[in-house]
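Just below is one structure, and these are the notes that go with it.
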Amino acid sequence: MSTLEKKLDALIAREDHVQPEDVTLEYIRNQRKKNVNLKYDFSTQYGGYNHKGEKVLSPAESSALVAAGYRFLALFKRPKK
């Protein structure tokens with residue numbers, strides 16, 4: 001499991017008050033089925049929209065997620081010759 005996947009699992013687990021190892025694809029599918037009234041924002045603008053009442057990441061959390069993303073992408077970097 002990649003660093004990014006671990007970070008995402010940890011964030012989901014924290015929000016749902018479960019253990020990170022309990023966050024599986026089946027768990028996520030079940031949560032989506034339970035919450036049929038959720039509105040997903042698939043906007044093309046970076047960061048999406050902040051709908052009233054939705055949670056917003058702090059600057060530190062945002063920076064940590066971006067750093068984790070770059071660390072994940074660095075795993076695929078080709079070695080220099």
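Worth a mention:
- Count of residues meeting criterion [polar (S, T, N, Q) and touching a residue at least 60 places away in the same chain (Cβ under 8 Å)] in segment 1-23: 2
- Residue ranges of helices (runs of 4 or more DSSP H) in the chain with at least 1 members loosely packed, with under 10 Cβ neighbours inside 10 Å, modelled with pLDDT of 75 or more and of a type in the set (Gly, Ala, Ser): 59-74
The values are calculated or read from the model by the stated rules, or taken from the named source; none is laboratory data. Here the structure is a predicted model, which is why all the values come from computation and not from measurement. In this analysis, Cβ positions are derived from the backbone assuming ideal geometry, glycine residues included, and neighbour counts consider all displayed protein chains.
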